[in-house]
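Notes follow the structure.
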Amino acid sequence: MDKNTVIYSPIGIIHSDHITARQTPIQPVFAKGCCGTAEIFSEFVEGLRDLEGFSHIYLIYHLNQAEPAKLTVKPFLQDIERGVFATRAPCRPNAIGLSIVELVRREGPILYLDGVDILNDTPLLDIKPYTAKFDRLDTTRNGWQDEVDEQTARRLGRRDYLGDGR
């Protein structure tokens, strides 16, 4: 194998009610109440042991419905071109997604989740526990996102998702 080639195989599939990107909230912080599941393939179920003790988990997944990669994009919060690596846009050179979701419960190979901002039938590559001891940072700089007020971010972050009683 070429040293520059990287190959991953899914460990499971993420299921959600999100069928189209336009009606999917952008980022888990805007997806509270959007529930879904992660179905873990049988050969990886043993790796779920002890995960129930964590309230939140990272899901690392393949953005299998992303548009072709671009190096500059207009992020959902602004109408200004930004470098893709300064955004969380899905049209990346490596279509890898990352979300922190709430782990509601586990039933065998199924993880029940809240805060799911992921399209249905997305291949799951990995799971890692979120822990405040290691992951919580009190940031002082948020780049261009500091220019966007919270009310605008919340309105735009829900996109056209209608599951909030509207």
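With the checklist (1) assigned to a loop (DSSP other than H, G, I, E, B); (2) at pLDDT 95 or above in hand, flag the one item T5 doesn't pass.
Answer for T5: the failing condition is (2).
The rows are residues; the columns are (1) at pLDDT 95 or above; (2) touching a Leu at 6+ places or on another chain (Cβ under 6 Å); (3) surrounded by fewer than 17 Cβ atoms within 10 Å (Cβ to Cβ); (4) of a type outside the set (A, V, I, L, M, F, W, C).
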position	(1), (2), (3), (4)
H15	yes, no, no, yes
Q23	no, no, yes, yes
G47	yes, no, yes, yes
G53	yes, no, yes, yes
Y61	yes, yes, no, yes
Q65	no, yes, yes, yes
P75	no, no, no, yes
I80	no, no, yes, no
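For the range 82-111, give me each residue that is crowded, with 16+ Cβ neighbours inside 10 Å, among the small types (G, A, S) and in contact with a helix residue (DSSP H, G or I) (Cβ under 7 Å, 6 or more places away or on another chain).
Across the range 82-111, the qualifying residue is only S99.
If you check Y8 against the conditions, is it under 21 Å from N94 (Cα atoms), surrounded by fewer than 13 Cβ atoms within 10 Å (Cβ to Cβ) and in contact (Cβ under 8 Å) with a residue 60 or more places away in the chain?
Details: under 21 Å from N94 (Cα atoms): yes; surrounded by fewer than 13 Cβ atoms within 10 Å (Cβ to Cβ): yes; in contact (Cβ under 8 Å) with a residue 60 or more places away in the chain: yes.
Spelling it out, Y8 is indeed under 21 Å from N94 (Cα atoms), surrounded by fewer than 13 Cβ atoms within 10 Å (Cβ to Cβ) and in contact (Cβ under 8 Å) with a residue 60 or more places away in the chain.
For residues that are in contact with a Gly (Cβ under 7 Å, 6 or more places away or on another chain) and not in a helix (DSSP H, G or I), scanning just the range 18-36, find the one that is farthest from P75 (Cα to Cα).
Going through the qualifying residues, I end up with G33.
Can you name every residue in the range 120-145 that is buried (at least 16 other Cβ atoms within 10 Å of the Cβ) and either of a type in the set (S, T, Y) or modelled with pLDDT under 95 (or both)?
Hits for the range 120-145 are T122, Y130.
The values are calculated or read from the model by the stated rules, or taken from the named source; none is laboratory data. Keep in mind that this is a model prediction, so the values were computed, not measured. Every residue, glycine as well, gets a Cβ built from its backbone with ideal geometry; the counts of neighbours run over all protein chains shown.
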